[in-house]
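Heads up, the thing below is written out as structure tokens.
The values are calculated or read from the model by the stated rules, or taken from the named source; none is laboratory data. Note that the structure is predicted; figures quoted are calculated from it, not measured. With ideal geometry, Cβ positions are generated from the backbone for all residues, glycine too; neighbour counts draw on all protein chains shown.
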Amino acid sequence: MKKILTTAAAVAIAASAASAQDVTLRIQTHYASEHPSGVLAAQFADDVQVMSGGEIAIEMFYSSSVVATTETFDAAINGILDCDMTGGAYQTGKNPAFQFVGDIMGGYDTPWQQISWLYYGGGYDAAQELYNAQGMQLIGWWLYGQESLSSSKPLAGPDDLKGWKFRSPPGLETEIFTELGATPIVMDFTEIFTALETGIIDGADASGLYNNVGLGLYDIVSHATYPGFHSMPSDHLACNQAVWDGLSEQHQRIIDTAMQKLTLHTALSNEKKNAEAAAELQAKGVTLHNWSAKDRADFRKAAQTAWDRWAEKTPEAAALVKSHREYLTALGLIAE
């Protein structure tokens, strides 16, 4: 009897091994492997591989080494890659609604509020419709928090934006700041330093405070907004929908769990780094401007005017603007 049981157990183990789903996912991120976000992405890949007992392998491509950053989403749709770890804001050409999953602009005050919209404000389902229409599945976000504006002039409140010339990314941001009297100048990220040195611009929207220090911006200018209020980009993990649907529920849960860990640690680590950078900059004489609740509300009001124009572009954009506005109202960030 013991021999029979042993044989049966061996058969069961062999069957289980045969049914194990070995998967390799090819994922591209725009971050370099040595960048703090690249290091966190590597940890995400390792978490997935370890939690799956090696059944899921992730081949991570850093620094957009397979295709250009803006082409990563299409590469996943077309099977060149399996998943995209860049951000929805790069896909506004497909549908303007992607702006409101990529960078809401003037929306939430903290990364925790913005993440809570995704998981507790109906955001996941609303966004999923947008992704599924493109043959993609949104898995989750990783966002590092509010960005800081850098300036050669004080930015103590909305009045200081009048006539302020600054480097801006294209799109929704230019509309919001123009509404407030600023002069946004769209230029490549690599041109910021020279433009500040030569006085072509008074300031820049580049990144978070810690990253701005790394760029050397405060060797030139001595003012910054902190904590920020205007922009909080969300990077995403989005996978080819057929690839995602082909995974077992167990594997999907593992990837989702690892993604939520990445989300948490991205926000936590950057909050720490930004706070350390703030202390360092103040010690060097850089003035940090923390806008009042009223000033933030005024900026958010101007942002909503631009949101409404974008909401008219597609039904999906209108649905996401409505979702954000309802959740921001529930959080008390905008009045009914």
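Cβ-Cβ below 6 Å, separation at least six or inter-chain, first residue in segment 324-336 and in a loop (DSSP other than H, G, I, E, B) and of a type in the set (A, V, I, L, M, F, W, C), second crowded, with 18+ Cβ neighbours inside 10 Å and at pLDDT 95 or above: which pairs?
Ile334/Leu328
Asp125 passes all but one of (1) surrounded by fewer than 17 Cβ atoms within 10 Å (Cβ to Cβ); (2) more than 29 Å from Ala319 (Cα to Cα); which number fails?
Exception for Asp125: condition (2).
Do we have any residue at all in segment 98-110 that's modelled with pLDDT of 95 or more, more than 14 Å from the chain's Cα centre (by Cα) and either aliphatic (A, V, I, L, M) or closer than 24 Å to Glu34 by Cα (or both)?
no
Which numbered condition in (1) out of contact with any strand residue (DSSP E or B) (no Cβ under 9 Å at 6 or more places or on another chain); (2) over 30 Å from His223 (Cα atoms) is the only one that Ile104 fails?
(2)
Considering Asp256, Asp205, which residue is among the acidic types (Asp, Glu) and free of Cβ contacts under 8 Å to residues at least 60 places away in the same chain?
Asp205
Residues in segment 55-72: is at least one in a loop (DSSP other than H, G, I, E, B), in contact with a Leu (Cβ under 8 Å, 6 or more places away or on another chain) and at pLDDT 95 or above?
Yes.
Whether any residue in segment 46-54 is modelled with pLDDT of 95 or more, small (Gly, Ala, Ser) and crowded, with 21+ Cβ neighbours inside 10 Å is what I want to check. Quick ask: steps written out before the conclusion?
Filtering segment 46-54 down to residues modelled with pLDDT of 95 or more leaves 46-54.
If we keep only those that are small (Gly, Ala, Ser) as well, we get 52-54.
Imposing the further condition that a residue be crowded, with 21+ Cβ neighbours inside 10 Å reduces the set to 52.
Within segment 46-54 (the criterion being modelled with pLDDT of 95 or more, small (Gly, Ala, Ser) and crowded, with 21+ Cβ neighbours inside 10 Å), the answer is yes, since at least one residue qualifies.
Look at segment 280-302 and say how many of its residues are without any contact (Cβ under 8 Å) to a residue 60 or more places away in the chain and under 25 Å from the mean Cα position of the chain (by Cα).
Going through segment 280-302 one residue at a time, the tally reaches 3.
Any residue at all in segment 236-252 that is of a type in the set (S, T, N, Q), over 23 Å from the mean Cα position of the chain (by Cα) and either modelled with pLDDT of 95 or more or outside the structural domain of Asp109 (by TED's automatic domain parsing) (or both)?
Yes: one or more hits.
How about segment 91-103: which of its residues are within 18 Å of Leu143 (Cα to Cα) and in contact (Cβ under 8 Å) with a residue 60 or more places away in the chain?
Of everything in segment 91-103, those that are within 18 Å of Leu143 (Cα to Cα) and in contact (Cβ under 8 Å) with a residue 60 or more places away in the chain turn out to be Gln99, Phe100, Val101, Gly102, Asp103.
Are any residues in segment 183-201 part of a loop (DSSP other than H, G, I, E, B) and either touching a strand residue (DSSP E or B) at 6+ places or on another chain (Cβ under 6 Å) or buried (at least 23 other Cβ atoms within 10 Å of the Cβ) (or both), and if so, which ones?
Met187, Ile201, listed by residue number.
If the requirement is being at positive phi and in contact (Cβ under 8 Å) with a residue 60 or more places away in the chain, which of these qualifies: Gly106, Gly88?
Unique residue meeting the criteria: Gly106.
Scan segment 55-74 residue by residue and report those that are surrounded by fewer than 21 Cβ atoms within 10 Å (Cβ to Cβ) and touching a residue at least 24 places away in the same chain (Cβ under 8 Å).
Glu55, Ala57, Glu59, Met60, Phe61, Tyr62, Ser63, Ser64, Ser65, Val66, Val67, Thr69
Which strands (runs of 3 or more DSSP E) does segment 207-321 wholly contain that include 3 or more residues that are touching an Asp or Glu at 6+ places or on another chain (Cβ under 8 Å)?
Working: elements: 223-225, 235-240, 287-289.
Strands (runs of 3 or more DSSP E) meeting the threshold: 235-240.
May I ask you to verify whether Val67 is of a type in the set (A, V, I, L, M, F, W, C) and out of contact with any helix residue (DSSP H, G or I) (no Cβ under 6 Å at 6 or more places or on another chain)?
Values: of a type in the set (A, V, I, L, M, F, W, C): yes; out of contact with any helix residue (DSSP H, G or I) (no Cβ under 6 Å at 6 or more places or on another chain): no.
No, not satisfied.
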